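A short reminder: the numbers here are calculations on the coordinates, not readings from a lab. Here the structure is a predicted model, which means the values were calculated and not measured. Backbone-built Cβ (ideal geometry, glycine too); neighbour counts: all protein chains shown.
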Amino acid sequence: MEFFLRAQFLIPLISVLALFPLSESNNNQFCDATNIYGDSECNVMSSVSSKILIKGGTVVNAHHKEVADVYIEDGTIVAVQPNIKVGDDIKVIDATGKFVMPGGIDPHTHLAMEFMGSETIDDFFSGQAAALAGGTTMHIDFVIPVDGSLSAGYEAYVEKAKRSCMDYGFHMAITKWNETVSEEMEIMVKEKGINSFKFFLAYKGSFMVNDELLMEGLKKCKSLGALAMVHAENGDAVFEGQKRMIELGITGPEGHALSRPPVLEGEATARAIRLASFVNTPLYVVHVMSIDAMEEIARARKSGQRVVGEPVVSGLLLNDSVLWDPDFHFAARYVMSPPIRAAGHGTALQAALAAGVLQELITVPSTQLRKP
Ligand SMILES: *[C@@H]1O[C@H](CO)[C@@H](O)[C@H](O)[C@H]1NC(C)=O
Ligand SMILES: *[C@@H]1O[C@H](CO)[C@@H](O)[C@H](O)[C@H]1NC(C)=O
Ligand SMILES: [Zn+2]
C-alpha cells in the first residue's frame, strides 16, 4: 500500500501531532519567520531528532484512512505502513487512539488587521497559536495596502508577521486602483511571491471598485498569471440598504443583515463571474454566505468556467437568529460581511461543500475587534 503525502504537509503533521513533546525538548521551536511561505531555517525539525516514528495512529488522507505508522527522516515522510520496525536511536511518538493527518491550511485570515478604527484581536502569534492547537498549520493572510500602496502594505505585514510561529503566505487586497497599483501588482508577483489579489465589490466610498476598475484588475491578474479574488456584494445597493435601515430606525446588529440581503450577494457574484468569463481569467469568490451566490458559482462551474467558491464555518453552522438577540454585545459579535443568513442557507452551503460545488473552508478569525 503506497501513500502520497505531499512534502508540504510534513511540518504541519509534526506540529499537530507532536507539538507538546517537541516543546518539552526544545523551548525555541518558534522561529522568527520573516519570509513568507516558510523558511528552510524556520523548521521545527532542524532542532530535534532527524528520524521520527509516529506509531499506531489512524492515518487519514483524502482518499483513505488506516491504522499505520509514519516514518520520517530529515523532514521527509519515508514510509506510511503498519508496524514499521526501527532501531533505538529513533524518536518514537505514540499516537495510539489519535488521528494523524495533514495539517489544515486556512486560506483566508485577517490577523492584526486594522479596519475602521479598530484592529483584529488576534495577531500573528496568538492567532497562529490557536490555529496550531486546532490542527491548522498554515494560513494565508490578506495584506492590506497602506493608503493604496501595495509595497508599503507588504512591508507592514512583513513586520506584523515577525511574531509568527507557523507557516503562512500572503494574498493581497486591492483597496484602490490606479497605474501605480497596477505596476506594484507586478512587483508583488515577480519579487514577493504574492499571486492572488482580492477586489472588493462592497464598501462603497472606501475599498469598492466599480466594474471598469474590476475589469482592469481582472486583466492585470490574467496578464500576470495571478488569481483574482472578489468580495461579492453590490456596494451601491448595500449603501442604499443602509440608508433604508437608518430611515426605519433599525440600527442594531439585525439592521446590518437586513441592509445587505442575499440578493445583493447573488448579484455581485453573478456579475464578477460574468466579467471574469468576459476577460477569460479564473475567479475565486471569498466567503460565500448565501444560496444565491452558491447557485451562481454552481452554474458557472457546470458550464466549465474556472470559479472557486469559499464557504465560511460561521456561514455553514449559524443562522441569523443570533443577530436578533436582545443582548447587543452578544448579537454584535456575529456581525460580518456578507452577513450570517436565515436558516436554510447554511444547510444548502454544507451540501454544496460536500458535493464539491464549494471548495475551501475558512474560519476568518477576525470577527472580534478591539480599539488599537
Ligand atoms: C496612485 O495612488 C497612490 C496612493 O494614493 C499615489 O501615491 C500614487 O501617486 C497614485 N499614482 C498615480 C499614477 O496616480
Ligand atoms: C437557528 O439557530 C439557533 C441557534 O443559534 C437554533 O436554536 C435554531 O434552531 C436555528 N434555526 C433553525 C431553523 O435551524
Ligand atoms: Zn476577508
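How would you order 77-88, 206-217, 264-275 from highest to lowest mean count of nearby Cβ atoms within 10 Å?
Working: 77-88: 12.3, 206-217: 17.1, 264-275: 22.5.
Order by mean packing, descending: 264-275, 206-217, 77-88.
Give me the net charge of Ala268's neighbourhood, meaning all other residues with Cβ under 14 Å from the Cβ of Ala268; Lys, Arg count +1, Asp, Glu -1. Spell out each step's value before the answer.
Values: positive: Lys198, Lys204, Arg260, Arg271, Arg274; negative: Asp211, Glu233, Asp236, Glu240, Glu265, Glu267, Asp292, Glu295, Glu296.
Residues close to Ala268 contribute a combined charge of -4.
Summing +1 for each Lys or Arg and -1 for each Asp or Glu, what net charge is found among the other residues whose Cβ lies under 13 Å from the Cβ of Val312?
On the way: positive: Arg341; negative: Asp106, Glu265, Glu310, Glu360.
Counting the neighbours of Val312, the net charge comes to -3.
Determine the distance separating the Cα centre of the range 133-201 from the Cα centre of the range 72-110; give it in Å without decimals.
31
Net charge within 15 Å of Ser303 by Cβ-Cβ distance, Lys/Arg positive one each and Asp/Glu negative one each, not counting Ser303 itself?
Values: positive: Arg274, Arg299, Arg301, Lys302, Arg306; negative: Glu295, Glu296.
With Lys, Arg at +1 and Asp, Glu at -1, the neighbours total +3.
At 0.36 nm per residue, and after removing the present C-alpha to C-alpha distance, how many nm does the segment from Ser206 to Lys243 gain when stretched out fully?
On the way: separation 37, 0.36 × 37 = 13.32 nm, distance 1.68 nm.
Taking 0.36 nm per residue and subtracting the Cα distance, the gain is 11.6 nm.
Calculate the FRET efficiency for Ala355 and Asn280 from the Cβ-Cβ distance with a Förster distance of 30 Å, rounded to the nearest 0.05. Mind showing how you got there, number by number?
Working: r = 26 Å, r/R0 = 0.87.
It comes to 0.70.
If you look for lysine pairs in the range 193-334 that are eight or more places apart or on different chains, how many of them have Cα atoms under 18 Å apart? All intermediate terms of the calculation are to be shown ahead of the outcome.
On the way: Lys198/Lys219; Lys198/Lys220; Lys198/Lys222; Lys204/Lys243.
Final tally of qualifying lysine pairs is 4.
Please give the length that would be gained between Ala342 and Ser223 if that part of the chain were fully extended, namely 0.36 nm times their separation in residues minus their C-alpha to C-alpha distance (nm, one decimal).
Numbers: separation 119, 0.36 × 119 = 42.84 nm, distance 3.97 nm.
Fully extending the segment from Ala342 to Ser223 adds 38.9 nm.
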